[in-house]
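Below you'll find the structure, written out as structure tokens, and then a few comments.
The values are calculated or read from the model by the stated rules, or taken from the named source; none is laboratory data. Values in this document were obtained by computation on a predicted structure and should not be read as measured data. Here Cβ is always computed from backbone atoms with ideal geometry, including for glycine, and neighbour counts include all displayed protein chains.
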Amino acid sequence: MGIGPTEGSLLGLTALLLSFTFGMASNKYELRRQHLVTETNEIGKTILRCDLYPDSIRNLLRADLKNYLETRISYYNVGDDEDLINRTLVQADSISKIIWNKVALLSHNRDYWTATEQMVPSLNAMIDIVITREAGRKAMVPHLILVVLGILILVSAFLSGYGSKNLERNNVLVIAFAIMTTLALYLIIDLDRPRQGFVNLEAAQQLMVDLRSNFSEK
């Protein structure tokens with residue numbers, strides 16, 4: 001039977017979908033990393049701008065920001081536990097509202113107008129990036145694509161074996177095909193879920209953890 005063209009077409013389709021899915025997963029991974037770095041910068045900027053206020057106000061804002069930072073560190077550290085993730089989001093939202101209300105109240109005082117003009121944009125960006133990161137966390141490669149890709153790999157492997165049933169089988173090629181397609185699929189899934197597995201955001205997360213040094217006693 002003319003299985004050759006069919007086999008070749010399916011292998012080509014499998015390679016195309018593998019490439020497409022890998023590109024999608026890697027782009028999503030990079031966006032998550034960029035969002036994490038952006039949030040780290042925004043929190044750090046807000047901490048520094050507390051110095052624009054007198055010590056009495058500065059110390060209060062820094063205390064709230066310290067608690068806020070801990071909730072954002074926990075947001076990543078809790079892994080894929082949805083209940084714990086939602087709990088950290090609620091805590092962060094509660095603390096950010098406290099900080100915002102304090103800064104909004106200070107904005108009515110002419111003595112703090114200059115400081116507030118610097119603080120408000122930074123604080124607003126720090127709050128907004130939380131939603132951006134959460135949206136990025138939930139934006140994963142659709143399961144249907146992964147299912148179709150898995151089916152294509154299995155069918156391609158089956159047809160390759162069926163087409164060579166009357167020929168001498170090269171075990172090295174068979175094993176290599178199985179290993180490489182499995183590794184490629186695993187890498188796609190690992191990139192798509194950076195809170196677990198070997199490909200993660202630990203290096204970028206460490207940048208946020210390092211912000212704790214801003215609150216160390218001197």
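Applying the condition of being within 27 Å of L18 (Cα to Cα) and of a type in the set (D, E, K, R) to region 183-218 and asking which residue is surrounded by the fewest Cβ atoms within 10 Å (Cβ to Cβ) yields E202. Can you give me the number of residues within region 139-190 that are modelled with pLDDT of 85 or more and of a type in the set (S, T, Y)? Here the count works out to 3.
Has region 97-108 got any residue that is more than 27 Å from the chain's Cα centre (by Cα), at pLDDT below 95 and not in a helix (DSSP H, G or I)? Within region 97-108 (the criterion being more than 27 Å from the chain's Cα centre (by Cα), at pLDDT below 95 and not in a helix (DSSP H, G or I)), the answer is yes, since at least one residue qualifies. Residue count for region 196-218 under the criterion of being under 30 Å from A25 (Cα atoms) and assigned to a helix (DSSP H, G or I): the result is 10.
Per-residue answers, yes or no, for (1) of a type in the set (G, A, S); (2) closer than 21 Å to N27 by Cβ:
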| site | (1), (2) |
| --- | --- |
| K102 | no, no |
| T114 | no, no |
| Q118 | no, no |
| A125 | yes, no |
| I129 | no, yes |
| A139 | yes, yes |
| V147 | no, yes |
| S160 | yes, no |
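Cβ-Cβ contacts under 7 Å between residues 6 or more apart (or on different chains), taken from a first residue in region 57-68 that is of a type in the set (K, R) and modelled with pLDDT under 95 to a second residue that is surrounded by fewer than 15 Cβ atoms within 10 Å (Cβ to Cβ) and outside any helix (DSSP H, G or I), are absent. Checked against the criterion of being modelled with pLDDT under 95 and surrounded by 18 or more Cβ atoms within 10 Å (Cβ to Cβ), the candidates E7, E42 yield just one match: E7. Count of region 86-96 residues, restricted to those that are surrounded by 12 or more Cβ atoms within 10 Å (Cβ to Cβ), of a type outside the set (S, T, N, Q) and without any contact (Cβ under 8 Å) to a residue 12 or more places away in the chain, is 1.
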